[in-house]
Amino acid sequence: MLPTETESASRIQTVCLMVLASAATMFSIYWLRPVLVPLVVAFMVVSGISPLLSTLEQRLGVSRIIAAAIAFLAGVVLLLVFGLSIWNSVIELKDNSAVYRDRVEDIVNWAEERADFVKSLIGDATSVSASSNDSGAATVQVADDSGQDPSAFIDALVRDGIAMVSQAFISLVSTSVVVLIYVFFLLIGTSQGTDLSETLREVNHQVRTYLALKTVISILTGFAFGLALHLFGVPMAFTFGVLAFFLNFVPNIGPLVASVLPIPLILLDPDGSLAWMLTTIVVICTIQGISGNVLEPKWMGNSSDLHPVTILVALMFWGMMWGLVGMFLATPVTAALKIMLARITQTRPVAELMAGRFVKTDPPSA
């Protein structure tokens with residue numbers, strides 16, 4: 001074979017191997033998600049609390065294993081408090097289901113009255129009058145029995161919602177226990193003077209900075225969100241505040257979902273006026289807007305060093321791979337991957353592209 005043909009065949013072979021390796025890697029990431037998801041979350045938690053653990057060792061004068069045990073117990077307590085609070089909110093929703101059922105029935109009756117009024121105006125209410133030739137009696141009848149009873153629909157919706165929340169809660173608890181076990185052993189095996197490579201040190205610093213700033217902003221957002229709902233008298237205010245805290249870690253989509261979640265309870269409040277509903281919705285949307293458009297750009301800037309399109313693509317990819325947890329981890333995992341790609345000469349242009357910097361490579365001089 002000629003040298004040019006050999007070089008072309010070698011390039012084709014390299015590209016094919018890269019495609020096969022990428023496909024195998026994506027399949028492994030998806031297939032091993034029950035193991036990888038808790039492990040990656042544990043690494044993120046350890047990266048975030050390692051400085052706190054070192055401070056705990058110095059202040060209390062305890063060993064690494066005692067400090068790790070204290071952190072583990074604190075995590076268990078926080079998990080129990082969070083679980084009990086969510087469960088109390090679910091019980092509150094179940095107890096108020098009758099109120100929401102009556103509200104839905106009132107809305108349905110109001111809609112039916114308006115629909116009948118409109119039909120009478122346009123003359124469609126006499127569509128069955130032609131059948132009165134035999135008996136002389138009109139058989140105008142609304143077939144209400146063909147539809148579903150609103151009260152039964154609300155009861156089924158609440159029942160299915162409680163079952164779904166219970167299942168999600170059990171799954172969250174089991175995953176959190178595995179994460180805490182990983183965190184405990186990772187904290188024990190990580191000494192304070194560990195000499196990390198430059199790449200790992202940069203990854204650790206960027207992930208820790210991102211998580212610290214994002215956590216502070218999420219705490220403020222969740223607290224303000226839950227407090228506003230509580231002041232307006234919306235049920236499950238604490239739960240919605242906690243959800244706003246967690247969903248704030250999901251870029252772009254999370255704050256939007258957090259704003260939409262309490263709207264059904266606001267609209268179905270039997271004592272709420274139109275002004276109260278509009279004010280509540282405007283206030284919670286304003287809180288999310290200030291958090292996403294004022295606090296985050298001012299405090300975080302571009303700490304992840306990723307282009308917004310890259311973050312959106314990463315959000316879809318990791319969400320497809322690992323579900324909701326993958327959407328939480330999309331930004332820090334992609335930022336770490338970008339740092340590692342930047343350390344390799346061949347993949348450095350890909351890292352620059354992920355950051356939104358389109359670098360031209362000058363042709364080699366003769």
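Inspect the range 67-84 for any residue being at pLDDT below 80, outside any helix (DSSP H, G or I) and in contact with a helix residue (DSSP H, G or I) (Cβ under 8 Å, 6 or more places away or on another chain) and give the result as yes or no. No: zero hits.
Listed by first and then second residue, the pairs with beta-carbon distance under 7 Å, at least 6 apart or on different chains, first residue in the range 303-316 and surrounded by fewer than 16 Cβ atoms within 10 Å (Cβ to Cβ), second assigned to a helix (DSSP H, G or I) and small (G, A, S), form an empty list. Answer yes if at least one residue in the range 230-239 is open to solvent by 40 Å² or more (accessible area, probe 1.4 Å) and under 25 Å from Y210 (Cβ atoms), and no otherwise. Within the range 230-239, none of the residues are open to solvent by 40 Å² or more (accessible area, probe 1.4 Å) and under 25 Å from Y210 (Cβ atoms). Filtering the range 20-57 to residues that are over 24 Å from G323 (Cβ atoms) and at pLDDT 85 or above leaves L20, A21.
Residues are listed down the side, and each one gets a yes or a no for (1) at pLDDT below 90; (2) closer than 13 Å to G233 by Cβ; (3) open to solvent by less than 40 Å² (accessible area, probe 1.4 Å):
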{"residue": "V250", "(1), (2), (3)": "yes, no, yes"}
{"residue": "L261", "(1), (2), (3)": "yes, no, no"}
{"residue": "I266", "(1), (2), (3)": "yes, yes, yes"}
{"residue": "V283", "(1), (2), (3)": "no, yes, no"}
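The residue pairs whose first member lies in the range 173-189 and is farther than 21 Å from W87 by Cα, whose second member is among the polar types (S, T, N, Q), and whose beta carbons are closer than 9 Å, counting only pairs six or more residues apart or on different chains, are L187/S50. Looking at the range 268-281, which of the residues that are touching a residue at least 12 places away in the same chain (Cβ under 8 Å) and hydroxyl-bearing (S, T, Y) is surrounded by the most Cβ atoms within 10 Å (Cβ to Cβ)? My answer is T280.
The values are calculated or read from the model by the stated rules, or taken from the named source; none is laboratory data. Since the model is a prediction, treat every value here as computed from it, not as a measurement. Cβ atoms come from the backbone with ideal geometry, glycine included; neighbour counts cover every protein chain shown. For accessibility, only protein heavy atoms count, side chains too; no ligands or nucleic acids. Shrake-Rupley method; radii C 1.70, N 1.55, O 1.52, S 1.80 Å.
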